[in-house]
1. Only one of (1) crowded, with 16+ Cβ neighbours inside 10 Å; (2) in contact with a Ser or Thr (Cβ under 8 Å, 6 or more places away or on another chain) fails for N395. Which number is that?
2. E314 fails exactly one of the following numbered conditions: (1) out of contact with any Ser or Thr (no Cβ under 7 Å at 6 or more places or on another chain); (2) free of Cβ contacts under 8 Å to residues at least 60 places away in the same chain; (3) under 30 Å from C385 (Cβ atoms). What is the number of that condition?
3. Quick check on the stretch 379-388. Is at least one of its residues closer than 13 Å to S13 by Cβ and part of a loop (DSSP other than H, G, I, E, B)?
4. Quick test for you: out of G90, G45, pick the one residue that is touching a helix residue (DSSP H, G or I) at 6+ places or on another chain (Cβ under 8 Å), part of a loop (DSSP other than H, G, I, E, B), touching a residue at least 24 places away in the same chain (Cβ under 8 Å) and closer than 30 Å to L144 by Cα.
5. Mind listing whichever residues of the stretch 242-268 are over 22 Å from P427 (Cβ atoms) and within 26 Å of the chain's Cα centre (by Cα)?
6. Go through the stretch 309-337 and give me each residue that's crowded, with 16+ Cβ neighbours inside 10 Å, touching a Leu at 6+ places or on another chain (Cβ under 8 Å) and farther than 21 Å from P216 by Cβ.
7. Considering each of G204, G235 in turn, give the residue that is assigned by TED's automatic domain parsing to the domain that holds F285, over 22 Å from P301 (Cα atoms), in contact (Cβ under 8 Å) with a residue 40 or more places away in the chain and assigned to a loop (DSSP other than H, G, I, E, B).
8. With in a helix (DSSP H, G or I), assigned by TED's automatic domain parsing to the domain that holds V191 and more than 26 Å from the chain's Cα centre (by Cα) as the only criterion, which of A305, A311, A342, A329 stands out?
Amino acid sequence: MTKHIVIIGGGASGIVMAAHLFQNRNEVDKFRITIVEAGPHLARGLAYSTSNPSHLLNVRAAQISAFADVPDDFVRWLDIHHPGATAGDGFVPRMLYGDYLEKLLHTLTTSAQAAPVQIIAQECCGLRPLEAGAEVLLADGSVLPAHFVVIAAGFGTRQASDGPLLDPWAQEVPDDREARVVILGTGLTMVDKVLSLLDAGHQGPILAISRKGLLPRPHGPHHPLSLSTADIPLGASIHYLMRWLTQLVAAHQAVGGNWRDVMDGLRPHIQTVWKHLPKDSRARFLRHAASLWDIHRHRMPQTQAARLQAALHEKKLEIKKGRFVDALAYNDRTILTFYNIASNSCCELEADAVYDCRGIRRRAVHGLPPLLGSLLKQGQARQDCLGLGLEFDGNFSLIDAHGKSSNRIFGMGPVTLGTFWETIAIPDIRLQAQHIARQLQAQRIEAREA
């Protein structure tokens, strides 16, 4: 019997998942794939839908193949379609990776070697688990039967009901080059927005506000420190773990190394570290250390860092430590209230545009998409202990309200943030996709033998 696998979400995660399923196909255990995606950026998702060449990958091209076992797949594609793109430091425009994902999707939907992947341009509103699979409930009221379902959707963007704060992915830069712009957040999304403003010739003041007022650190030479899980104090408190990490960096620097070597060497083990981290330490990490972790872990290319430093030096960009309080629309402007940490007081200012660039963790906590909300309401899922996403077991199987793992519904990418922490970068997504593809293949083999 041909098995039907439905992937909910047609962004980067969904396409990489479909590609891994396609790669694992064989003549005995046949299956067909349907991708359900209502958004306009099929294959590209949010991150790779940009058309601005200043928006660069924050991972080198050689590290971001869609397949872990074919690590040069993206580089070989670049060499054919964009010769010379990887010259220099290897950080290429993100739109090129979007082109690469579209190429993968084209291969999947036009294959003559197996049943081509089908695309349904609708929103998934819920799932109905069955003994031998699940029913996928679509926005038009129709039902899509499936043997297996993989939730590969993200948390989406800001909603219209979120008030006057603008979505940095959807809203363009102001037409008025002298407009006063405020950006909430100082991470990589803020970097993209500032570069978009500068590319458009913006001359007005740009103010970026975040609690710590910290910018992502720039990338440097790539020499990961060799670490094994035996080197890491798994299960220790966050206080002990951060002290161990600080001492490891100091020891490595004492022999001529760099802190980046330690961070890059730790990266393959981060999900394991998170898994063994006590729950109270996870919460403490989010409150006190996540911002520092992010700026060292999620770095920006040197070329972007140089442009931001120039904007700061020329007073085009200002960064303040502060906490967002409120925003109100007033005529064609926005009145922003924020708590100024330096002055220990609340401040008000008027701006022509306020962009919300505070990142995925805030979107996860403040309002879930219809599908995730439905799964929680029906008891088919439960949130992780920090409320960052849904809870999954070690095989990426969805866990219901009673703590039971599904053998039919799986998850990958941003929805697994709270369970695995490192889930939004392609090197992590491709490993999740590989594991799920093998898991589904093993289940099909077991069913056939039974």
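1. (1)
2. Result: E314 fails condition (3) only.
3. There is no residue in the stretch 379-388 that is closer than 13 Å to S13 by Cβ and part of a loop (DSSP other than H, G, I, E, B).
4. Only one candidate qualifies: G45.
5. M242
6. Scanning the stretch 309-337 gives A327, T334, I335, L336.
7. Of the residues listed, the single one that is assigned by TED's automatic domain parsing to the domain that holds F285, over 22 Å from P301 (Cα atoms), in contact (Cβ under 8 Å) with a residue 40 or more places away in the chain and assigned to a loop (DSSP other than H, G, I, E, B) is G235.
8. Result of the check over A305, A311, A342, A329: A311.
The values are calculated or read from the model by the stated rules, or taken from the named source; none is laboratory data. Quick caveat: nothing in here was measured; it's all calculated off a predicted structure. Reconstructed Cβ throughout: ideal geometry from the backbone, glycine too, with neighbour counts over all protein chains shown.
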